[in-house]
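J.: First the structure, which I've put down as structure tokens, then a few questions once you've had a look.
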Amino acid sequence: MTAIEGIVEHGDRRGRLLGFPTANLTLADEAIADGVWGALVRTKPGKWAAAAVSVGRRRTFYGDNGPRLLEAHLLDFNEDLYGREIRVELLVRLRPQQAFTDVQSLTDQLHHDVRQARAWAASNYPGLVSAEADSAAADPVTGKMSYA
């Protein structure tokens, strides 16, 4: 298990526009493998959420030149985390980081990643996720999650 703590920063808001708002942490630790992870995120003392987490440089948009970030999409969660300290525990690597040829391919993969993270969390931390895979949608203005 690898744990990262930090203050949630504003990003490009691209994840929010794609329907996957993220809590972003700058990542200086090069020892953490790039990729998509199943994780637990402590949002405040005693409160945890399951998450699909991307670690890397957002190669689809920035190639190898983007800043290295940890982007956590918390499952079944709808609070504003900007400016709050969180702890992210990377527990299972789901796949390596990759670049996509277009936004639709990326979005399709994000849906798959979230389903995979949800299935992992449901098997290992059933109290943290709902049974409905991919039932969340983000408000593109506020970034808050709403569930069908």
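Any read-out appearing in this document is the output of simple, stated calculations on the displayed coordinates, not a laboratory observation. Predicted model only: the values in this text are computed from it and were never measured.
J.: On a full-extension model of 0.36 nm per residue, what is the gain between Arg93 and Ile7, subtracting their alpha-carbon distance, rounded to one decimal in nm?
T.: On the way: separation 86, 0.36 × 86 = 30.96 nm, distance 2.28 nm.
Once the chain is fully extended between Arg93 and Ile7, it gains 28.7 nm.
J.: Pull out the extension gain between Arg68 and Asp80, defined as 0.36 nm times the separation in residues minus the alpha carbon to alpha carbon distance; nm, one decimal.
T.: Values: separation 12, 0.36 × 12 = 4.32 nm, distance 2.23 nm.
Extending this stretch completely gives an extra 2.1 nm.
J.: Ok, one more. Spelling out what I want: for every residue of the range 93-99, take phi, set θ = phi - 60°, compute 6.51 cos²θ - 1.76 cosθ + 1.60 (Karplus), and round to whole Hz; glycine and proline get x.
T.: 7, 8, 6, x, 5, 8, 9
J.: Rounded to whole Å, give me the distance from the Cα center of the range 26-51 to that of the range 96-132.
T.: Here the two parts' Cα centres lie 14 Å apart.
J.: Shape call for the range 2-125 from the C-alpha gyration tensor, a ≥ b ≥ c root eigenvalues: rounded (a/c under 1.5), prolate (a/b greater than b/c) or oblate?
T.: On the way: a/c = 1.41, a/b = 1.22, b/c = 1.16.
Judged from the Cα gyration tensor, the range 2-125 comes out rounded (a/c under 1.5).
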